[in-house]
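Visitor: Input: one structure, supplied below.
The values are calculated or read from the model by the stated rules, or taken from the named source; none is laboratory data. Quick caveat, the model's predicted, so the values are computed rather than measured. Glycine gets a Cβ as well: all are built from the backbone with ideal geometry, and neighbour counts include every protein chain shown.
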Amino acid sequence: MERRFGLIHATALNMTNMIGIGPFITIPLLMSALGGPQAMLGWLVALVVVLCDGMVWSELGAALPGSGGSFGYLRQGYGAEKIGRLMGFLFVWQFVLSGPLEIASGYIGFSQYLGYIWKGITPRETMLVVTVIGLANLALLYRRITSIATITLALWIGTIATVIVVGVTGARHFDPRVAFDFPPGAFHFSLGFLVGLGAASRIGVYDYLGYYDVCYIGDEVENPGRVIPRSILVSTVLVAVIYIAINLSIIGVVPWRDFVPAASRPQSNFVVSVFMERTYGPGVATLFTAMILWTAFASVFALLLGYSRVPYAAAKDGYFFKVFARLHPSQGFPSVSLIVLGVLSILAGFASLGIVIDALITTRILVQFIGQIGAVTLLRRRAPDLARPYRMWLYPVPNLVALLGWIFIFATTPPSVVAFGLGALLLGVVCFGAWSWKGRTWPFAARRLAA
């Protein structure tokens with residue numbers, strides 16, 4: 001493939017995927033996690049974890065600059081023919097679950113903001129909206145798509161315009177007394193504070209997701225040893241600044257007590273629309289809500305388009321169920337993978353946003369994030385002569401910080417969601433065993449030869 005992604009293009013790609021509907025739907029959840037603006041500490045925890053984890057992605061992406069990202073890193077790090085085969089399968093397995101959860105968060109955000117225009121929308125009507133938007137997304141994608149650059153540009157323009165409007169408005173009307181109105185005992189250290197900090201950190205990580213997207217197109221990046229690490233660092237820092245500015249803009253105009261706790265405050269579903277209404281009136285707020293709806297739909301369109309290719313690519317190479325490698329007979333797109341992820345996304349959209357985010361992050365932590373930390377360590381030991389254009393600064397400190405951060409976030413997740421994550425992982429191992437036994441591949445091929 002032609003290496004056409006320079007530093008600016010790679011940074012834009014990461015940021016396009018990082019800034020979607022996230023900052024507009026997670027502010028009430030973030031503030032509810034610790035009951036006030038002290039929840040911004042969760043942003044800082046998430047930022048530290050993501051920056052250290054970004055070094056893990058940078059070293060792997062610079063040393064193994066092919067397409068596929070985690071799928072290739074886990075296979076190479078753990079040994080492509082044995083444990084790496086299991087890790088690669090489990091990555092795709094969790095991706096088939098976590099990918100739809102991420103798309104579903106966009107469907108949920110769309111239905112929530114539609115509630116500002118559709119007054120009195122009921123839970124049943126909300127589920128209907130999720131279903132219709134999900135089916136519309138599937139219908140638009142059920143064809144050969146060649147204008148990926150145009151889609152990405154449209155998403156980028158809409159999102160950046162929306163972010164700029166919020167930032168400028170917040171800067172002009174910011175009231176620090178409203179923004180930093182801390183409740184009594186806001187920073188009292190306790191077990192409850194740690195659990196709340198973990199919840200805020202999960203939301204922060206959700207909003208940062210995408211800082212590593214350039215790694216999935218490594219063979220299209222020019223000078224990947226330089227561009228991949230720098231694009232990850234630059235995009236993470238820039239998005240952190242943007243997100244903090246958006247959060248402060250909102251809570252500096254709309255008192256956080258107006259939408260906390262999010263579960264019992266209906267206007268928390270469209271807090272940015274409320275922000276615009278209090279500043280410019282309902283007419284401008286309605287127009288702005290339409291911009292957010294556009295951003296939400298463009299985001300889920302791009303996500304389903306890209307994510308449907310991951311199981312297909314793995315299946316085509318013989319590392320996942322063969323059925324996912326099927327192409328549409330006339331138009332040549334991965335129809336089975338698209339339908340499976342599309343339907344799962346709609347079903348996941350019936351859950352609450354908080355549960356979807358928790359399940360999404362928890363599912364990815366064990367195999368993808370912690371698994372890659374292990375892959376870096378193993379490659380350092382097994383392949384010391386491997387060319388590493390970028391070497392992690394202060395190794396192994398960032399590895400350990402990222403590992404402890406992921407463990408903290410996982411351990412403070414609600415037990416039911418942890419059970420879901422562990423259960424999904426265990427089921428994936430069972431399915432890998434059945435799939436390997438049927439195909440007589442590792443570990444069953446080795447046993448048969450030994451016999």
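Visitor: If I go through the range 209-250 residue by residue, how many of them are under 18 Å from the mean Cα position of the chain (by Cα) and assigned to a loop (DSSP other than H, G, I, E, B)?
Guide: 4
Visitor: Yes or no: residue 187 touching a Pro at 6+ places or on another chain (Cβ under 8 Å) and in a loop (DSSP other than H, G, I, E, B)?
Guide: no
Visitor: Now for a different question. How about the range 378-417: which of its residues are assigned to a helix (DSSP H, G or I), of a type in the set (S, T, N, Q) and either touching a residue at least 40 places away in the same chain (Cβ under 8 Å) or touching a helix residue (DSSP H, G or I) at 6+ places or on another chain (Cβ under 8 Å) (or both)?
Guide: The one that is assigned to a helix (DSSP H, G or I), of a type in the set (S, T, N, Q) and either touching a residue at least 40 places away in the same chain (Cβ under 8 Å) or touching a helix residue (DSSP H, G or I) at 6+ places or on another chain (Cβ under 8 Å) (or both): 399.
Visitor: While we're here: Give me the pairs, please: first residue somewhere in the range 431-444 and farther than 13 Å from residue 321 by Cα, second residue anywhere and in a helix (DSSP H, G or I) and charged (D, E, K, R), beta-carbon distance under 6 Å, and either six or more positions apart or on two chains.
Guide: If the second residue must be in a helix (DSSP H, G or I) and charged (D, E, K, R), the pairs left are 442/85.
Visitor: Regarding residue 375, is this residue hydrophobic (A, V, I, L, M, F, W, C), within 28 Å of residue 81 (Cβ to Cβ) and touching a residue at least 60 places away in the same chain (Cβ under 8 Å)?
Guide: When the stated conditions are applied, residue 375 passes them.
Visitor: So, of the residues in the range 1-46 that are assigned to a helix (DSSP H, G or I) and of a type in the set (Phe, Trp, Tyr), which turns out to be surrounded by the fewest Cβ atoms within 10 Å (Cβ to Cβ)?
Guide: 43
Visitor: Just the residues that are buried (at least 19 other Cβ atoms within 10 Å of the Cβ) and either more than 22 Å from residue 102 (Cα to Cα) or within 20 Å of the chain's Cα centre (by Cα) (or both), please, taken from the range 315-338.
Guide: Passing the criteria: 319, 337, 338.
Visitor: Please enumerate the residues belonging to the range 71-91 that are surrounded by 24 or more Cβ atoms within 10 Å (Cβ to Cβ) and either over 21 Å from residue 384 (Cβ atoms) or not small (Gly, Ala, Ser) (or both).
Guide: 71, 73, 74, 75, 87, 88, 89, 91 - these are the residues of the range 71-91 that are surrounded by 24 or more Cβ atoms within 10 Å (Cβ to Cβ) and either over 21 Å from residue 384 (Cβ atoms) or not small (Gly, Ala, Ser) (or both).
Visitor: Next question, about the same structure. Which condition does residue 80 not pass, out of (1) in contact (Cβ under 8 Å) with a residue 60 or more places away in the chain; (2) of a type in the set (A, V, I, L, M, F, W, C); (3) assigned to a loop (DSSP other than H, G, I, E, B), if it passes all the others?
Guide: Condition not satisfied by residue 80: (1).
Visitor: Taking the condition at pLDDT 95 or above and either more than 27 Å from residue 309 (Cα to Cα) or not in a loop (DSSP other than H, G, I, E, B) (or both), does residue 374 pass?
Guide: Yes: the conditions hold for residue 374.
Visitor: Find the residue count for the range 161-184, including only residues that are in a helix (DSSP H, G or I) and without any contact (Cβ under 8 Å) to a residue 40 or more places away in the chain.
Guide: Going through the range 161-184 one residue at a time, the tally reaches 4.
Visitor: Continuing with this model, one more query. All but one of (1) among the hydrophobic types (A, V, I, L, M, F, W, C); (2) under 30 Å from residue 180 (Cβ atoms); (3) more than 20 Å from the chain's Cα centre (by Cα); (4) surrounded by 20 or more Cβ atoms within 10 Å (Cβ to Cβ) hold for residue 194; which doesn't?
Guide: (4)
Visitor: Same structure again: Go through the range 304-327 and give me each residue that's touching a residue at least 24 places away in the same chain (Cβ under 8 Å) and not in a helix (DSSP H, G or I).
Guide: Across the range 304-327, the qualifying residues are 308, 319, 320, 321.
Visitor: If you scan the range 202-231, which residues turn out to be of a type in the set (D, E, K, R) and buried (at least 24 other Cβ atoms within 10 Å of the Cβ)?
Guide: Passing the criteria: 202, 207.
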